[in-house]
1. For the chain, what is the calculated [θ] at 222 nm in deg cm²/dmol (nearest 500), taking -39500 (n - 2.57) for each run of four or more DSSP H residues and dividing by its residue count?
2. Please work out the Kirkwood hydrodynamic radius for region 146-228, using every pair of different C-alpha atoms, and report it in angstroms with one decimal place.
3. Would you work out the relative contact order for the chain, in percent, from Cα pairs under 8 angstrom that are 6 or more residues apart?
4. Mind jotting down a quarter of the surface of the convex hull over the alpha carbons of region 1-83, in square nanometres, one decimal?
5. When only C-alpha pairs under 8 Å and at least 6 residues apart count, what is the relative contact order of region 62-161, in percent?
6. Quick one: longest stretch of the chain between exposed loop GluC sites (Glu not before Pro), exposed meaning at most 12 other C-beta atoms within 10 Å and loop per DSSP?
7. Can you tell me the orientation of helix 158-170 relative to the chain, as the angle in degrees between its alpha-carbon axis and the longest Cα principal axis, to the nearest 10?
8. Students often forget the sequence filter, so: which lysines lie under 19 Å Cα-Cα from Lys244 once same-chain residues fewer than 8 apart are removed?
Amino acid sequence: MGYLSQKKQQKRENIFLAIMMIIVTILTVLSFTEQGIDCKYFNLFHLFCLAGILMLYSLWRKKFKSVLVFAILLIVNYTSLAAYANIFLSDKFEGGQTLELSFNKKQKLSDTLDKRDIKAAGTIILAQHYKASYAIVEHNTPITLIQVDFSNANHSDYPLIFRHLNEFITQNDNPVIIFGEFGIPAWSKSFKNFIETSNLSVKNRLLFNPDIKFDFFSIPGFYVLGFREMGLVDLDILTIDNTKTVKLLLSFNPEKS
């Protein structure tokens, strides 16, 4: 490649990186606004990945000023993600007890549990036609399990859904575990508020799954929320009767929650 060709290529690279720095910076700032950037095919996780890819590209092309800018943007976006969700790894915890759970949109919570362990079960009315099923199981000490499926919920309904869900949790004296398809990422405004007020935290790694299947450009909406003395031993996605099912093995110390 001749000298003039090299200069033209460097100029194109500089323009490209400058434009991408502006775009990623604007999107990062927007992610801190009330609306955020949780679009159907692009959310904060994708922005985090984009900043990382551009940082590595800048490093490869020896554009060290760009490396610094994208590294800062990468850290900022990672911090925003990690505050409310686990990215690549689930929370591990070695407790005194274990519990197996499974999530399948076609099954009720009570149908997936051992009937002998269920002390009570029912349905929580959250907002209009949105419901969640719950069961209180005797596992040395009582634990309240709540299974949700908000995959078809409207964004405007989430504040009311989470408010009623939090009211139900507050009325419970038992440790609470919530799992299922929330339909929005954990860093969404209403979800963040719910995590803070309920004193629960996300235990699982990100799953990109509108229907519990891998789709990198979908919204990671499946979560397991639990108390402090709790974590995941295993998480598997299986196909049972042509239906995707999430199998969970939890470990916890409910008496210390």
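The values are calculated or read from the model by the stated rules, or taken from the named source; none is laboratory data. Please read these numbers as outputs of a predicted model, since none were measured by experiment. All Cβ positions, glycine included, derive from the backbone under ideal geometry; neighbour counts span all protein chains shown. SASA here: full protein model, heavy atoms, side chains in, ligands and nucleic acids out. Shrake-Rupley method; radii C 1.70, N 1.55, O 1.52, S 1.80 Å.
1. Working: 5 runs with 87 residues, N = 257.
Roughly -11500 deg cm²/dmol at 222 nm, from the helical runs in the chain.
2. On the way: mean 1/r = 0.0771 Å⁻¹.
The answer is 13.0 Å.
3. Details: 445 pairs, mean separation 52.4, N = 257.
It comes to 20 percent, rounded to a whole number.
4. For region 1-83, the mean projected area of the Cα convex hull comes to 6.0 nm².
5. Working: 79 pairs, mean separation 16.5, N = 100.
Relative contact order of region 62-161: 16 percent.
6. Details: sites that count: Glu34, Glu94.
Looking at the chain, 95-257 is the longest stretch - no exposed GluC sites (Glu not before Pro) with at most 12 other Cβ atoms within 10 Å.
7. So the inclination is approximately 40 degrees.
8. Partners within reach: Lys105, Lys106, Lys108, Lys213.
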